[in-house]
1. Looking at segment A:39-77, which of its residues are surrounded by fewer than 17 Cβ atoms within 10 Å (Cβ to Cβ), at the interface with chain B (Cβ under 8 Å from one of its Cβ atoms) and over 23 Å from the mean Cα position of the chain (by Cα)?
2. Out of all the residues in segment B:25-46, is one or more under 14 Å from B:Ala263 (Cα atoms), of a type in the set (A, V, I, L, M) and touching a residue at least 40 places away in the same chain (Cβ under 8 Å)?
3. With the structure loaded, tell me whether B:Ile254 is aliphatic (A, V, I, L, M), assigned to a helix (DSSP H, G or I), farther than 30 Å from B:Phe126 by Cα and modelled with pLDDT of 70 or more or whether it fails that test.
4. Would you check if B:Ala225 is in contact (Cβ under 8 Å) with a residue 12 or more places away in the chain, out of contact with any strand residue (DSSP E or B) (no Cβ under 9 Å at 6 or more places or on another chain), more than 14 Å from chain A (Cβ to nearest Cβ) and surrounded by 23 or more Cβ atoms within 10 Å (Cβ to Cβ)?
5. Does any residue of segment B:258-268 turn out to be assigned to a helix (DSSP H, G or I) and surrounded by fewer than 24 Cβ atoms within 10 Å (Cβ to Cβ)?
6. Would you check which residues across segment A:38-75 are hydroxyl-bearing (Ser, Thr, Tyr) and within 20 Å of B:Ile64 (Cβ to Cβ) and list them?
7. Consider B:Ile239 carefully, then state whether it is modelled with pLDDT of 85 or more, buried (at least 24 other Cβ atoms within 10 Å of the Cβ), outside any loop (DSSP other than H, G, I, E, B) and within 14 Å of chain A (Cβ to nearest Cβ).
8. Given (1) out of contact with any Ser or Thr (no Cβ under 9 Å at 6 or more places or on another chain); (2) in a strand (DSSP E or B); (3) surrounded by fewer than 24 Cβ atoms within 10 Å (Cβ to Cβ), identify the lone condition not met by B:Ala174.
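The values are calculated or read from the model by the stated rules, or taken from the named source; none is laboratory data. Quantities reported herein were computed from a predicted structural model and do not represent experimental measurements. Glycine gets a Cβ as well: all are built from the backbone with ideal geometry, and neighbour counts include every protein chain shown.
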Amino acid sequence: MANPLPKNSSEEARDLRSSLLHLTVYSVLLLSYFFLVLRFLSKWLTDLFHHHRVEYAIAAILIMIVQAVVLETISYWILKLIRGKRS
Amino acid sequence: MHFPISGATIDPIYLVSLGFIVGILGGFFGVGGSFLAGPALFAFGVPMNFVVGTDLIHIVGKSIVAARKHWSQGNVDLRLAAIMVIGTIAGVQVGVEGIEALKKIGRVDLVVGVIAIVVYICISIFVAFESWQSLKIPLTKKERTQSPMARKDKLFFARFAQWIQRLPLGPKVALPFSGIKSISVGAILLVSFVGGAFSSFLGGGAGYIRMPSMVYLLGIPTHIAVGTDLFEIVVSASIGSYEHAVKGNVDLLIALIMQTGAAVGAQIGATLTQYFRGPWIRLAFAPLPLIGAGLIVYGLLTGHHGK
């Protein structure tokens, strides 16, 4: 495994600022996600849970995987955009 | 915010924060963080059967993110993961049936809670003892000049793991990626079976059982145990989640909200492992299960007792 190269203090400060900006942008997107998506999902999922349990189980796993991959991709591109602007 | 599936009412900001913290812990320790997430959910009013199933499906999403990171860092032994999946799936079935049996007699909260407390305390004590002893093993001259990731992992119970590897428990297999010349498939299956059973009975990925078992019983280097454990959990947790969801033990909305925070936390946690050597990671992990045990005690004392 490759050893990580040592960073100087200015590089570390830049990384910290990038990370903080990344978290801020990500948090704004998250809040939008809550109000626009999760509120509408609630009724549909509850209905599925009570009346179509197998479909609920399959949908649950698929939605969870899709959300995980999408969020990671968004997070990655936000960070890349931020670090790209600063370099 | 009210969650109609489980009947719980929880502030979503709390769930995101919980997911973020658990994500960092999961990415760093490779144990998923369910020893904190599950007890925290229980302490805030989620019924224990929903805690178990919801935490398990939450692990599916979180583990994919962390496992990809560890894969890119070269911490995943694919051969080991493939064998472990088989044992874990069998164990998951046992755990699911156990929860269903307790639901029928109305004792899920109490029984699962008490077992979790005992398990967390035992793990905490054992990991603290072993990692402290490992830290006392002096570094060689060469190791002093190496980065934490390049050093060979030191285990206080290394001889015990070597003894387990020599046990005749079925056919032998080599794990060259993990530096193991020969180990019986039965030992790997047994460890993963127990992990799967705990996972579907107590919730989450049971990395707090599986990761220490991989390190101390199988002799897998810590960084590879972290990455491989996360990689294998993606498959086994998906199967366990399906079983629990069909039986009505999963509140997907809670899991989705927690996962939004965990997605960021996991990336941070996985990156941090490259700056610490194995015994320090294990020592830092040791007190965390005690926090989980405390949260369950709080949950049992404040109104979940006897359910």
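1. A:Arg53, A:Val54 - these are the residues of segment A:39-77 that are surrounded by fewer than 17 Cβ atoms within 10 Å (Cβ to Cβ), at the interface with chain B (Cβ under 8 Å from one of its Cβ atoms) and over 23 Å from the mean Cα position of the chain (by Cα).
2. yes
3. Details: aliphatic (A, V, I, L, M): yes; assigned to a helix (DSSP H, G or I): yes; farther than 30 Å from B:Phe126 by Cα: yes; modelled with pLDDT of 70 or more: yes.
Spelling it out, B:Ile254 is indeed aliphatic (A, V, I, L, M), assigned to a helix (DSSP H, G or I), farther than 30 Å from B:Phe126 by Cα and modelled with pLDDT of 70 or more.
4. On the way: in contact (Cβ under 8 Å) with a residue 12 or more places away in the chain: yes; out of contact with any strand residue (DSSP E or B) (no Cβ under 9 Å at 6 or more places or on another chain): yes; more than 14 Å from chain A (Cβ to nearest Cβ): yes; surrounded by 23 or more Cβ atoms within 10 Å (Cβ to Cβ): yes.
Taking the combined requirement at face value, the residue satisfies it.
5. Pass one, segment B:258-268, residues assigned to a helix (DSSP H, G or I): B:258-268.
Next, only the ones that are surrounded by fewer than 24 Cβ atoms within 10 Å (Cβ to Cβ) stay: B:267-268.
Among the residues of segment B:258-268, at least one is assigned to a helix (DSSP H, G or I) and surrounded by fewer than 24 Cβ atoms within 10 Å (Cβ to Cβ), which makes the answer yes.
6. Initial filter on segment A:38-75 (hydroxyl-bearing (Ser, Thr, Tyr)): A:42, A:46, A:56, A:73, A:75.
Scanning segment A:38-75 gives A:Thr73, A:Ser75.
7. Details: modelled with pLDDT of 85 or more: yes; buried (at least 24 other Cβ atoms within 10 Å of the Cβ): no; outside any loop (DSSP other than H, G, I, E, B): yes; within 14 Å of chain A (Cβ to nearest Cβ): yes.
Considered against the rule, which asks whether it is modelled with pLDDT of 85 or more, buried (at least 24 other Cβ atoms within 10 Å of the Cβ), outside any loop (DSSP other than H, G, I, E, B) and within 14 Å of chain A (Cβ to nearest Cβ), B:Ile239 comes out as no.
8. That leaves (1) as the condition not met.
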